Amino acid sequence: MKGAVYIKECGDTTSVAPNDVKAFTLEEMQKYVGGYIEFIHLKNGDIMVINEEGKLNAFRINDKATELFQKDFGEIDVIVGNVLITSPNFVN
């Protein structure tokens, strides 16, 4: 992955890049997901950044991110809220 993909809970996706081009800052990742972050390491090596309190805060299910997560792990759990998927090269 050369950049990152921002998946809004409504399903809209956008290609994004870190502000300084080298790596996303903690603050940038928090802005994308709307709070404290949690990493999910995907099998292809990418990182799915989610809001660690998304379920507690009753964020909506993110169908696209959930589909990726379930395909990767075979889990029946869901991903909620906005999600950032990026290469580990873009995470400090």
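The values are calculated or read from the model by the stated rules, or taken from the named source; none is laboratory data. Just so we're clear, the structure is a prediction, and the values are computed from it rather than from any experiment. Heads up, the Cβs are rebuilt from the backbone with ideal geometry, glycines too, and the neighbour counts pull from every protein chain shown. Protein only, heavy atoms only, side chains kept; ligands, DNA and RNA dropped before computing areas. Shrake-Rupley method; radii C 1.70, N 1.55, O 1.52, S 1.80 Å.
Picking from residues in segment 41-64 that are in a loop (DSSP other than H, G, I, E, B) and under 12 Å from the mean Cα position of the chain (by Cα), the one that is nearest to Ser15 (Cα to Cα) is Asp46.
The set of residues from segment 28-40 being free of Cβ contacts under 8 Å to residues at least 40 places away in the same chain and either open to solvent by 50 Å² or more (accessible area, probe 1.4 Å) or closer than 13 Å to Lys8 by Cα (or both) comprises Gln30, Lys31, Tyr36, Glu38. Restricting to segment 79-92, and then to whatever is over 15 Å from Glu9 (Cα atoms) and open to solvent by less than 70 Å² (accessible area, probe 1.4 Å), can you tell me which residue is nearest to the chain's Cα centre (by Cα)? The selected residue is Thr86.
Among residues of segment 65-78 that are closer than 19 Å to Lys8 by Cβ and part of a loop (DSSP other than H, G, I, E, B), those with a Cβ under 8 angstrom from a residue that is open to solvent by 70 Å² or more (accessible area, probe 1.4 Å) and of a type outside the set (Asp, Glu), sequence gap 6+ or separate chain, pair up as Val78/Ile61.
Looking only at residues of segment 1-27 that are more than 22 Å from Gly81 (Cα to Cα) and of a type in the set (D, E, K, R), we find that the one that is modelled with the highest pLDDT is Lys22. Considering only segment 7-20, I want to know if a residue exists there that is open to solvent by 20 Å² or more (accessible area, probe 1.4 Å), under 18 Å from Val78 (Cα atoms) and touching a residue at least 60 places away in the same chain (Cβ under 8 Å). Yes: one or more hits.
Scanning segment 72-92 for residues that are β-branched (Val, Ile, Thr), closer than 18 Å to Gln30 by Cα and modelled with pLDDT under 90 returns a single hit, Val91.
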